[in-house]
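Derivation of every value follows stated rules applied to the coordinates shown; laboratory data play no part. A quick note: this is a predicted structure, and the numbers were derived from the prediction, not measured. Positions of Cβ are generated from backbone atoms using ideal geometry, with glycine treated the same way; all protein chains shown enter the neighbour counts.
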Amino acid sequence: MNTPASSDEKDLRCAEYVLGVLSDEERREIELAMQQEAGMAESLARWQARLMPLNEDVAEVMPPSHVWDRLQAQLGWTQTGRRAGLWNSLSFWRWTGLTSVVAACALAIVLTRTVLHEAEAPPAGPQYLVATLERQGAGAAWTATVDAQHAQIVVVPPRDFAIAANHSTQMWMIPPGSKPVSLGVIDPQRPTIVHVAQAQLQQLGTQTTLAVSLEPQGGSPTGQPTGPVLAAGRVEGI
Amino acid sequence: MPSRPLPGDGLLDAHRADTLRARRRTVYSQPGWNMSSRQPKEMRDATRTPTSSDTEGRDDLDRMLSAVALRDRAAFETLYRRTSPKIFAICIKVLRDRSEAEDTLQDVYVTAWNQAATFNPQLSSALTWLGTIARNRAIDRIRRRRTVSLDETTVEEIVDESPTPAALAQLSQERQRLELCLQALPDIQRNAIREAFFTGSSYAELAARMSVPLGTMKSWIRRSLMQLKTCLER
């Protein structure tokens, strides 16, 4: 990543970000740096405090009432339908998402089911790695459990999370010193099993960062994150 | 700002409609306006001291957003009612397209619902927090547009005016301090900063629009930002 070295230069990049003069790519770099580098979030917050008062110059405009209606629908507040089955139960998965360890246990259940299905010998001592993807240091959001033997990751989204219908959430892995590698689009509201290619699995170690970004529907058109990074976290052993 | 009535905004609007062109040439040459940061007193004298209702309104919104983090739907609805006119205006300003601004507005509040737990009232106010999300979403959106649809609009129409002293007097202390520091910048750099903030344009777009080399635009903006920082920290 092309992150400037000196702290003054970093601070200036934050100022440029808040002012809004950076390119799409540069904006993504800052957002990623904010997740990974100490002091960046504080620097951005200070620039926001400095420049955002300019918004007072903008005269208020009353939004049409259908925006509120659409908003409620998107948050699922207007629906009363019930979902059936444990697998499809959001509250079950959200509960399991509470801690990485619990998510790992949930994976064990998934594995048992898979094994029963495929009638294969269970793998001896599967190796798990976990990552808690935090939203700007504000606690756990997505939980990812890596099952190295089956080359898959179970990703559990945060509680009450929703995105616009014309967007997707996409999962990325960022090996140390490398560019993000797409792991594909994940369901924004339900747990997803992400299959990982063997080549990618080799890079998926305890120094790797996993991240979720907001992308146009169907995923990033460029192969690199184009939308804001929603959450990121380091992979850890258990 | 919905946290309190904003007579300044209405005033600014009416003023804009009436004297947009005329003011452009005259405003900076008015005595007492082109003041340096060494003479803040006369501006302070002209300002209204913030009433306790200002702070209360701001605290109210902060409390509401903190309640939203605890999944309080009623607080969310009140927060939406009180802040969405400002946030919608910010989206329209950058996007200059009502339908896109509506989509973005919806997006902003979905994000607010999802990420309210990341709001820290020690670091930011609810309105700054929401305004930041709105600007980021709107800027991301215009960056992804294939072409910059500024052709039909002339620079004259989109360059924003600094508020008049009368309008400024109705705004927050933070805004007034920022204006003092903006006024201490060379005119062209101040215009570049305002243009950048209100249009969300990239360096390249700004350079093209103001007909200067990219390097010049970058150094104007970067120098201005550093000057603003020093001035605001004084």
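Structure above, values below:
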read-out: Residues A:18, A:235, A:146 arranged by fewest to most Cβ contacts within 10 Å; value: A:235, A:18, A:146
read-out: Exercise: per-residue mean of other protein chain Cβ atoms within 10 Å, B:90-102; value: 2
read-out: Residues whose placed amide H lies under 5 Å from that of residue A:183, excluding near-sequence neighbours; value: A:171, A:172, A:173
read-out: Sequence-distant residues sharing a close amide H with residue A:236 (under 5 Å, placed H); value: A:130, A:131
read-out: For segment A:206-220, Karplus couplings with θ = phi - 60° (6.51, -1.76, 1.60), whole Hz, Gly/Pro x; value: 6, 9, 7, 9, 9, 9, 10, 10, 8, 10, x, 3, x, x, 4
read-out: Other protein chain Cβ atoms within 10 Å, averaged over every residue that makes up A:40-53; value: 6
read-out: Residues whose placed amide H lies under 5 Å from that of residue A:168, excluding near-sequence neighbours; value: A:215, A:217, A:218, A:219
read-out: Order of A:234, A:50 under a 10 Å beta carbon neighbour criterion, fewest first; value: A:234, A:50
read-out: Label-to-label distance, nm, for residues given as residue A:38 and residue B:216 (7 Å Cα→Cβ offset); value: 4.3
read-out: Simple label model, 7 Å out from Cα along Cβ direction - residue A:198 to residue A:217, nm; value: 3.7
read-out: For segment B:45-145, alpha-carbon Rg and Dmax in angstrom; value: 14.4, 45
read-out: FRET efficiency, residue B:188 to residue A:187 (Cβ-Cβ, R0 41 Å, nearest 0.05); value: 0.25
read-out: Within 10 Å of each Cβ in A:20-33, the average number of Cβ atoms from other chains; value: 4
read-out: Charge dipole magnitude, Cβ of K and R +1, D and E -1 - segment B:152-234, Cα centre, debye nearest 20; value: 540
read-out: Inter-probe distance in nm under a simple model that places probes 7 Å from Cα toward Cβ, at residue A:151 and residue B:226; value: 5.1
read-out: Cβ-based net charge around residue B:106, under 12 Å, with every Lys or Arg adding one and every Asp or Glu removing one; value: -3
